Amino acid sequence: MIVGVPREVKNHEYRVGLIPATVHALSEAGHQVLVEAGAGEGSGISDQEYTEAGARLVPDAATLYGSSEMVVKVKEPVEQEYELLRKEQLLFTYLHLAPLPRLTEVLLERRVTGIAYETITDRNGALPLLSPMSEVAGRMSALVGAYYQQRPRGGRGTLLTGVPGVPPGDVTILGGGIVGLNAAKVAQGLGARVTILETSLDRMRFLDNLFHGEVTTLASNHHNLLAALGRADVLIGAVLIPGRSAPKIVTREMLGLMKQGAVMVDVSVDQGGCFETTHPTTHSDPTFEVDGVVHYCVANMPGAVPRTSTFALNNATAPYTLALAEHGLEALKKVPGLADGVNTYGGHITCAPVAESQDRPHRALDELL
């Protein structure tokens, strides 16, 4: 198979779809890998490293898309890439289609097989390709919240660590999944008082045991949410329903309960955000203020630490990339959970949550293969 790795063009997106080790594995297996010149620079990977691993450099994205049977990316195509997608092409990347109807239309029109990292499952029903970036984004969210608490950045001016004689700040996390757990690790490590709101009692027990009671867990209900909002110096949105748009947990009206200068970090923004006031921002212009509350809603947070993120992502994606290159769509039958990643195929939406979020028809993949 001819596998293409384009340079990412989303605002301040420095990650890259494949690292040299994965390129080498593909080449050793007899596949041809095309890498757009400069694709790895943002992650500290030179063109020479790719060529030494067996890749062939191509000068531009048009050449790469035009020659590749499978395109491996990090982020969903943006508008300038829509015209580059070829009919029947296989696209392997984070897609987050629920809030992106126009991209969905392009994939359907061009009959692209869109396989989304974020909906692939493992034998236990977990999301193995979402987890690495959730770990990065979760850890970053606490650091970002601490940074924007600084008064010159619009925050209230609370040092989350506290100092002798002055109490630490309060961090509230909505959701105790991978993002929430990692946010709590860093926030608790900084010395903040941390509260996690979670719907699953089993997950709360797990978190309580993990943190030895040093992080407070609360049942996620309206009463507890309102009380937590009033305490929070930093509020982290870590809510995920795989494939679907994130539910709006915090309404604009609720902002009136929060401290002036509190910071809200919406890690769920890729799926539309779990705050009613969320809209996607970029690393160039990361924050905005609503009713005196700072909002950080960057849709590709891990792109700010690309060296770590790229290698962590490839650790998880490489086996799936190799399987798709070796077996094509037959890999969907051979690799458990890979078929769950197919969001579009043959001009149809094959991921029910995406179809429901966009009020579009859905076809089961089994009916089409």
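Coordinate-derived values only; no laboratory data. Everything numeric here is computed off the predicted structure, so don't read it as measured data. Here Cβ is always computed from backbone atoms with ideal geometry, including for glycine, and neighbour counts include all displayed protein chains.
Where a ≥ b ≥ c are the square roots of the eigenvalues of the C-alpha gyration tensor, would you call the range 29-145 rounded, which needs a/c under 1.5, or, failing that, prolate if a/b is larger than b/c, or oblate? Intermediate results must be reported in sequence, preceding the final value.
Working: a/c = 1.62, a/b = 1.16, b/c = 1.40.
Cα axes put the range 29-145 in the oblate bin.
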Between residue 251 and residue 29, what is the label-to-label distance in nm when each label sits 7 Å out along the Cα-to-Cβ direction? 5.0 nm
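For Cα pairs less than 8 Å apart in space and 6+ apart in sequence, what is the mean separation divided by the residue count of the chain, i.e. the relative contact order in percent? Spell out each step's value before the answer.
Working: 842 pairs, mean separation 68.3, N = 369.
Normalised by residue count, the contact order of the chain is 19 percent.
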XL table 248/334; 73/334; 185/334; 75/334; 10/333; 87/248; Cα-Cα > 30 Å flagged, in table order, is 248/334; 185/334; 10/333; 87/248
Between 0 and 90 degrees, rounded to the nearest ten: what's the tilt of helix 222-231 against the longest Cα principal axis of the chain? 70 degrees
For the chain, longest principal axis from Cα atoms; helix 131-148 axis from its Cα atoms; angle between them, nearest 10 degrees, is 40 degrees
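Note the full-extension length gain between residue 41 and residue 223 as 0.36 nm times their separation in residues minus their Cα-Cα distance, in nm to one decimal. Display every interim value, and only then the final one.
Working: separation 182, 0.36 × 182 = 65.52 nm, distance 4.84 nm.
Taking 0.36 nm per residue and subtracting the Cα distance, the gain is 60.7 nm.
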Please check: in the Gaussian network model of the chain (C-alpha springs, under 10 Å), which one of 233, 291, 266 has the largest mean-square fluctuation. 291
For residue 74, distant residues with modelled amide H under 5 Å away: 17
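Could you list the GluC sites (Glu not before Pro) in the range 1-76 that lie in coil according to DSSP, counting only those with at most 13 other Cβ atoms within 10 Å of their Cβ? Please list the in-between numbers first.
On the way: sites: 8, 13, 28, 36, 41, 49, 52, 69; in loops: 8, 13, 69.
Passing both the DSSP loop test and the Cβ count: no residue.
Based on the alpha-carbon gyration tensor of the range 133-304 and its eigenvalue square roots a ≥ b ≥ c, which shape applies: rounded if a/c is under 1.5, prolate if not and a/b is larger than b/c, or oblate?
Note, shape of the range 133-304 comes out rounded.
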Longest principal axis of the chain (C-alpha) makes with the long axis of helix 306-327 (C-alpha) an angle, in degrees to the nearest 10, of 40 degrees
For a quick check: with amide H placed at 1.01 Å from N, whose amide H comes under 5 Å from residue 343's, ignoring anything fewer than 5 positions away on the same chain? 114, 115, 116
Please work out the Cα center distance from the range 62-89 to the range 160-184, rounded to the nearest Å. 40 Å
Calculate the length of the line joining the C-alpha centroid of the range 265-296 to that of the range 217-237, in whole Å. 18 Å
Enumerate the calculated ³J(HN,Hα) couplings along the range 197-202 in order (Karplus 6.51 cos²θ - 1.76 cosθ + 1.60, θ = phi - 60°), each rounded to whole Hz, writing x wherever the residue is Gly or Pro. 9, 9, 8, 8, 5, 4
